[in-house]
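Structure record follows, encoded as structure tokens.
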Amino acid sequence: MHHNTMSPTTHAMLGFAADWQLSKKVETLQTFLGEDFFHPSGIMYAMWHWAGDELRPFVARDFDGMSIFKVKAGTSNEAMQNHENSPYVAGLFLWSQCLRYQVTKEEEALRYAAKAFRSLDVNYRLAEHRGEPGFFCKPYNLEYSRESSPDQYAPILQGFWEYRQLGDDQTRARIDQMLPAMSDWWRKRNYRLVYFDHKGEGNWLDDGPLASAQYGPLFVVLHLMAHRITGREEYRVEADRILARLIPFPWRHDVSRERMLKQGISYWPERLHGYEYDVSRRKYLHFDWENYACIWFAASAAAWLMENEASLKPMLQHALGNYFRHMQQNVLAADGLPFYWTQTDLETGKCYPLVCPRISTDRKDNLIPFDWNFLAYTSEIRWGDNTARLLDTALLAHHYAPGFSPGALVLAKNMFAKLNRQRLLWLIDPDGRQLMTEDRWIGETLSSEVPVFSLLSYWRARRHNIPLE
């Protein structure tokens, strides 16, 4: 077994302030990720422990006396946090450094891109060596696992697509082998994947219009890439099949609203009765936790489609503007950070905080069916990852659909200006009262997304000549 052997290290370089110039923030994050955020195996980390000046990979003692996320596989929490989003982070880093090289032609950008690609290749081989090419697992303990999700694929696709233009012939050939295999993996298993301990095998595309709205654009991009590489018609046929279901590219809240109006169905569990922003609005309410952040998956795919499928561009401009309008609804706090737990009024389209105490002492009776104390109550905790995705979605909307995305650039500039140490965290407890004591470690975790998304968004803006300061 290949366990984490990296010794704890302090990185004071990340103690930066909001008043730094944006270029200095980016350089600091870039150097940290490029030089320090890779395990000796070559695989990138996801999240690190960050308390005071101590920034390092998680170790078992960090969870002494803490509530931890429990799954049947028995994966340790330190293994889970260190590499939960490893392929996702590597894909984002690869993508960012490709854009950086396009702008600056700096050799360091190519060096970092090569490291990110190697992380993905090492990860990919974990499944490939088991006869399962095309599967990117979450490499807990730096080993093969059955865990993954469509999220992991979103940045990998676009990172590969950019890097195949920059890498050598061997690298391009490897990418041209991997992308079609990724398409095959999802198509041939009918988009089914069990994530953690969900009952049954969830279909991440065909389990109703909610799944299609969230991940459909991602799968279209994957199949079109495979078609362009191979010329095989089966990939184009599958992309067109999914496209026919997606038009006019609604977001899942739009789909939920239509279902509510036609069938009188909304997602508001009985255990939340009494915690409505207005009890008279109960029949219109939709319980949300991570849905708003998932808009980025559809938005980033829409941008690629506009670049590569000209006939879809007019419709996708409207769609991208709609994605941006939905996503910014979640920015409710005065500090400009999105709440993790929310309630959406489907009739008015407005979003509100959701706060309720622990609903049960039995964590298996949680709001979300996982065995973890953090999911047994809601609070005004902020979600750093959502902030990072919103900023990038704002830039996508501004560049590709400016006529349908008022305020997008202003929002992105303001969010970049406020980027500081606290906003690099996974979940942000603004007053120290939003997390129960046994969940304190959650607020001492470097986000897997904010550092690397900051690079991607910065270089995206530079690539498209979008002023940020």
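Among the residues that make up the range 189-206, is at least one of them without any contact (Cβ under 8 Å) to a residue 24 or more places away in the chain, surrounded by fewer than 19 Cβ atoms within 10 Å (Cβ to Cβ), assigned to a helix (DSSP H, G or I) and out of contact with any helix residue (DSSP H, G or I) (no Cβ under 8 Å at 6 or more places or on another chain)? Scanning the range 189-206 turns up no residue that is without any contact (Cβ under 8 Å) to a residue 24 or more places away in the chain, surrounded by fewer than 19 Cβ atoms within 10 Å (Cβ to Cβ), assigned to a helix (DSSP H, G or I) and out of contact with any helix residue (DSSP H, G or I) (no Cβ under 8 Å at 6 or more places or on another chain). On the given criteria, is residue 364 modelled with pLDDT under 95 and either touching a strand residue (DSSP E or B) at 6+ places or on another chain (Cβ under 7 Å) or assigned to a helix (DSSP H, G or I) (or both)? Yes: the conditions hold for residue 364. Restricting attention to the range 118-162, the residues that are farther than 19 Å from residue 300 by Cβ and assigned to a helix (DSSP H, G or I) total 13. Taken together, the criteria exclude residue 88 from residues that are outside any loop (DSSP other than H, G, I, E, B), out of contact with any Ser or Thr (no Cβ under 8 Å at 6 or more places or on another chain), crowded, with 16+ Cβ neighbours inside 10 Å and aromatic (Phe, Trp, Tyr). Would you check if residue 5 is touching a strand residue (DSSP E or B) at 6+ places or on another chain (Cβ under 6 Å), at pLDDT below 90 and among the polar types (S, T, N, Q)? When the stated conditions are applied, residue 5 does not pass them. Output yes when any residue across the range 92-101 is in contact (Cβ under 8 Å) with a residue 60 or more places away in the chain and assigned to a loop (DSSP other than H, G, I, E, B), and no when none is. Checked against the condition, which is being in contact (Cβ under 8 Å) with a residue 60 or more places away in the chain and assigned to a loop (DSSP other than H, G, I, E, B), the range 92-101 yields no hits at all. Just to verify a result, which residue in the range 240-291, among those that are of a type in the set (A, V, I, L, M, F, W, C) and under 30 Å from residue 225 (Cβ atoms), is nearest to the chain's Cα centre (by Cα)? The selected residue is 251.
Within the set 116, 109, 127, the sole residue that is closer than 20 Å to residue 455 by Cα, without any contact (Cβ under 8 Å) to a residue 24 or more places away in the chain, hydrophobic (A, V, I, L, M, F, W, C) and touching a Phe, Trp or Tyr at 6+ places or on another chain (Cβ under 7 Å) turns out to be 109.
Considering the range 213-264, the residues that are exposed (fewer than 15 other Cβ atoms within 10 Å of the Cβ) and of a type in the set (A, V, I, L, M) include one that is nearest to residue 325 (Cα to Cα), namely 247. Please work out if residue 405 is under 25 Å from residue 21 (Cα atoms) and crowded, with 21+ Cβ neighbours inside 10 Å. No; evaluated as a whole, the condition is false for this residue.
The values are calculated or read from the model by the stated rules, or taken from the named source; none is laboratory data. Bear in mind the structure is a predicted one, so any value in this text is a computation, not a measurement. No Cβ is skipped: glycine too gets one built from the backbone with ideal geometry, and neighbour counts run over all protein chains shown.
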